[in-house]
Amino acid sequence: AGRRPNIIMIHDESSFDIREAEGVKVPQGYGSHFKSFDGKERTFLAESNGGPSWFTEYNVLAGLSSRSFGRFAYFVTRIASGRVERGLPLALRRCGYETLSLYPAFGAFMSARSFQLTTGIEHFYDAHDLRARDVEPDSFFYDKALGLMAQAPPASPLFMFVYLAANHFPWETQFRPDLMPTWRKPGNEPVVDEYLRRQAMSAGDYRGFIAGLKKKFPGQPFLIVRYGDHQPEFSPHILDPALDEAGVGKKLENYDPRYYATYYAIDAVNFEPVESPAVMDTIDGPYLPLVIQEAAGI
């Protein structure tokens, strides 16, 4: 009953709360990005560490586990394309939603276009469609999202999947130093400082996106859910600096939650997220679609 909120799901590339590692120096105010509208920090358990974002893409769209594919999990989106006909976008379409996806690479990568269309995405925009040049800052995709929302039919609620990429490796080189000329390094090893700089950029771009929603769509309700798709590839090195490669490999193989924990956060504009026992402090990645539907009151 009542007006259904527009739903925006944001794929926050390689992002987790680096304070989980001892001794890392962070800039003042670090951590607020991981908090939800109610001030809580919540944990998202991904199924990969350091690389395959498409594992989590499969989780949050299909609502299923990539691990169930066993040794074929690496190819999960290719295998599921045209076959796994269920998921969050399809569920929302049955509730009258228009469904869009903004993807930062070419749609053929890991059969992303075909897979997402299978799960119920009606309008898929890849890097070519968006006219992205190499890796773009988060603000690029947020601006595109605002533009596409303005073109959407006003009568239908909208589901939009925004896939970010600015915090993708490598961190040995500085990404777009012109965007944060006043940045001061906290004093960690270079890759960690660059990682923190990109996280600061992401947090600032997200605040700008929320401001854009309020300005361009006054009175319209929005539910925004963000998640970190996996930890960066250097995270085991800073979480357990005393472990050698074999020790790290064993922990990854045994799915040590410290290596797979990121975050998920719920925000809202002109909308009060619905309380539900499904919105837990810690969830496995495939449960995010349920959390979204519950928080939206659908």
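The values are calculated or read from the model by the stated rules, or taken from the named source; none is laboratory data. Fair warning: this is a prediction, and the values are worked out from it, not measured in the lab. So basically every Cβ, Gly included, is an ideal-geometry build from the backbone, and we count neighbours across all protein chains shown. Heavy atoms of the whole protein, side chains included, go into the accessibility calculation; ligands, DNA and RNA do not. Shrake-Rupley method; radii C 1.70, N 1.55, O 1.52, S 1.80 Å.
Apply the Debye scattering formula to the stretch 247-298, with a single equal point scatterer on each alpha-carbon and no solvent, then give log10 I(q)/I(0) at q = 0.16, 0.17, 0.30, 0.31 Å⁻¹.
Each listed q maps to, in turn, -0.57, -0.61, -1.20, -1.24.
Can you give the direction-averaged projected area of the convex hull of the alpha-carbon atoms in the chain, in nm²?
Details: hull surface 60.9 nm².
If I average the Cα hull's projected area over directions, I get 15.2 nm².
Rounded to the nearest 500, what is the chain's calculated 222 nm mean residue ellipticity when only DSSP H runs of at least 4 contribute -39500 (n - 2.57) each, over all residues? Show your work: numbers first, answer last.
Details: 11 runs with 100 residues, N = 298.
That calculation yields -9500 deg cm²/dmol at 222 nm.
Out of E272, E233, E189, any idea which swings most in a Gaussian network model of the chain, alpha carbons joined below 10 Å?
Of the options given, E189 has the highest mean-square fluctuation.
Over the alpha-carbon set of the stretch 156-298, work out the extent along each principal axis and list the three values in angstrom, largest first.
The principal-axis extents, from largest down, are 52, 41, 21 Å.
Which whole number of Å³ per residue matches the convex hull of the alpha-carbon atoms in the stretch 184-251?
Details: hull volume 7.2 nm³, N = 68.
For the stretch 184-251, the hull spanned by Cα atoms encloses 106 Å³ per residue.
For a quick size check, give me the Cα extents of the stretch 3-89 along its three principal axes, largest first, whole Å.
Here the spans come out as 47, 42, 15 Å, largest first.
Within the stretch 182-225, which residues have the backbone N less than 15 Å from the label spot 7 Å out from H237 along Cα→beta-carbon, could you tell me?
Answer for this model: 188-196.
Show F217, F271, F169 ordered by accessible area, largest first, where the area counts protein heavy atoms only and the probe is 1.4 Å.
My answer, sorted largest first, is F169, F271, F217.
Using a probe of 1.4 angstrom, how much of the accessible area of the stretch 53-117 is carbon and sulfur, in percent? Intermediate values should be presented prior to the final figure.
On the way: 1580 of 2860 Å².
Answer for the stretch 53-117 is 55 percent, counting heavy atoms of protein chains only.
Are there any trypsin sites (Lys or Arg not before Pro) in the stretch 81-155 that are in a DSSP loop and have at most 11 other Cβ atoms within 10 Å? List them by number. Please report the intermediate quantities before stating the final value.
Values: sites: R83, R86, R93, R94, R113, R131, R133, K144; in loops: R83, R86, R94, R131, R133.
Answer in residue order: R83, R94, R131, R133.
Tell me, what are the semi-axes, in whole angstrom and largest first, of the equivalent ellipsoid of the stretch 62-173 as set by the roots of 5 times the Cα gyration tensor eigenvalues? Write down the numbers at each step before the final one.
Details: eigenvalues 105, 98, 23 Å².
For the stretch 62-173, the ellipsoid semi-axes come out as 23, 22, 11 Å.
Which of I266, I283, I79 moves the most in a Gaussian network model of the chain with Cα springs under 10 Å?
Most flexible of the set in this elastic network: I79.
Identify which of K250, K214, K40 has the largest mean-square fluctuation in a Gaussian network model of the chain, with springs joining Cα atoms closer than 10 Å.
Answer for the Gaussian network model of the chain: K250.
Counting only protein heavy atoms and a 1.4 Å probe, tell me what percentage of the stretch 154-298's accessible area is made up of carbon and sulfur.
Numbers: 3740 of 6820 Å².
Its accessible area is 55 percent carbon and sulfur atoms.
Spelling out what I want: for every residue of the stretch 29-36, take phi, set θ = phi - 60°, compute 6.51 cos²θ - 1.76 cosθ + 1.60 (Karplus), and round to whole Hz; glycine and proline get x.
With the stated coefficients, the stretch 29-36 comes to x, 4, x, 5, 5, 8, 8, 8 Hz.
For the stretch 111-159, what is the Kirkwood estimate of the hydrodynamic radius, computed as the reciprocal of the mean inverse distance between distinct Cα atoms, to one decimal in Å?
Values: mean 1/r = 0.0812 Å⁻¹.
One over the average 1/r among Cα pairs gives 12.3 Å for the stretch 111-159.
Find, to one decimal place in angstroms, the Kirkwood hydrodynamic radius of the stretch 44-97, where the mean of 1/r is taken over every pair of different Cα atoms and then inverted.
Details: mean 1/r = 0.0851 Å⁻¹.
For the stretch 44-97, the Kirkwood estimate is 11.8 Å.
Output the antiparallel fraction of DSSP beta bridges having both residues in the chain, as a percent to the nearest 5. Could you put the intermediate results ahead of the total?
Values: 9 of 32 bridges.
Approximately 30 percent, going by the DSSP bridge assignments.
Taking the stretch 241-298, which GluC sites (Glu not before Pro) meet the DSSP loop condition and have no more than 13 other C-beta atoms within 10 Å?
Working: sites: E245, E253, E275, E294; in loops: E275.
The qualifying sites are E275.
Any idea how far the Cα center of the stretch 79-138 sits from the one of the stretch 154-207, in Å?
Cα centroid to Cα centroid, the span is 22 Å.
Just how much of I298 is accessible, in Å², when a 1.4 Å probe is used and the result is rounded to the nearest 10?
Rounded to the nearest 10, the figure is 70 Å².
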